[in-house]
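A quick write-up on the structure given underneath.
Only the coordinates and a few stated rules stand behind these numbers; no lab work does. Here the structure is a predicted model, which is why all the values come from computation and not from measurement. Here the Cβ positions follow ideal geometry from the backbone for every residue, glycine too, while neighbour counts run over all protein chains shown.
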Amino acid sequence: MIEVRNLTKRYGPLTVVDDLSFTVQAGQVTGFLGPNGAGKTTTMRMIVGLAAPDRGSVTVSGRRYADIAVPLSEVGALLDAGAVHGGRTAYDHLWALAASNGLPRRRVGEVLARTGMASVAAKRAGGFSLGMRQRLGIAAALLGDPRVLIFDEPVNGLDPEGIRWVRELMRSLAAEGRAVLVSSHLMSEMAQTADHLVVIGRGRLIADTSMSEFMRSAGEGTVHVRAADPGALALRLSAAGAGVREGLESSLVVSGMTAGDVGRIAAYHGLALSELTPQRASLEDAFMELTAGSVDYQGVTS
């Protein structure tokens, strides 16, 4: 378990993490979400002692990271896939980590096999793609068979098969009773992976809730409609109080009204429909709405 209490970190006049508190429980995947610059990576660095907080505390299994005698046996972390000597082979990189933590050599082969890296164990890391470096970093995090795992953007550079593999790995690690904290900007993956969400913006906590509760708070979503006369249908739905906008290929996207209500209004006015599909609000939609006031860098769309 990870316990973050009133954590604050400043760099000069800038407060990067601001009085942040949350808990990562064992047996579940906690998604750590926030816009770019929200303070996620800085928080993870403070958890594993790579940055010192200005105020507050963070413990892993009840102890500060600095007080853990064999760190890899308690907490495994992937914060930077590039943090590997390019001249070392995958095997030698992991063996150096294992030896420095007093771990048995057999663990190197075990984690190489689990991460699909056994066939490239003798190749130098400098020639690896980003996806292969991500897998090597995950192997390093698993090396000490820790009960707590931290992953910062672990699917960067992975192909679809690799992304699915990471998703299944996170779920399996949680099922083994481990506490898993993972950050990602891929909302579709978080929706399929996380049990719990911690959302921050500009260093402050915005939400700390279960995935199911977070999605319930996102509302009913929208209804996608195709009609023989979309203009007439849009007028009727708008008059009934629905929000209506144009979708793809002459479809309508309706908010504030159920699919049943849309169908009844269309039938009453004799408007033929070829599609009537309710769409639940996505995690991406809910996240964007929740963090809209915490985004520092916004582009302009025409």
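Residues of the chain were split at every exposed loop site, defined as trypsin sites (Lys or Arg not before Pro) in a DSSP loop with at most 13 other C-beta atoms within 10 angstrom, and the longest piece left, sites excluded, is 106-279. A simple spin-label model places pseudo-atoms 7 Å from Cα toward Cβ; at ARG64 and ALA99 they are separated by 3.1 nm.
By how many nm would the segment from LEU130 to GLN192 grow when fully extended, if each residue of separation counts as 0.36 nm and the alpha-carbon distance is taken off?
Working: separation 62, 0.36 × 62 = 22.32 nm, distance 2.30 nm.
Roughly 20.0 nm would be gained on extension.
For region 165-209, the residues whose amide N sits under 15 Å from a probe point set 7 Å from the Cα of SER282 along the beta carbon direction are 185-193.
In region 75-153, the alpha-carbon atoms span a convex hull of 80 Å³ per residue. Label sites at ALA83 and SER57, each approximated as a point 7 angstrom past Cα along Cα to Cβ, lie 2.4 nm apart. The phi torsions of region 9-15, fed into the Karplus equation with coefficients 6.51, -1.76 and 1.60 and a -60° offset, translate into couplings of 9, 10, 10, x, x, 8, 8 Hz, rounded to whole numbers, with Gly and Pro shown as x. Simple spin-label estimate for ASP261 and ALA113 gives 5.8 nm between the two label positions (7 Å along the Cα-to-Cβ direction from each Cα).
Take the Cα atoms of the chain, build their convex hull, and give its volume per residue in Å³. Provide the component values of the computation, followed by the final result.
Values: hull volume 49.9 nm³, N = 302.
Each residue corresponds to 165 Å³ of Cα convex hull volume.
Exposure proxy for VAL253, VAL182, VAL24, VAL48: other Cβ atoms within 10 Å of each Cβ, ordered fewest to most, give VAL253, VAL48, VAL24, VAL182. Using only side-chain charges placed at the Cβ, +1 for Lys and Arg and -1 for Asp and Glu, the dipole size of the chain relative to its Cα centre rounds to 960 debye.
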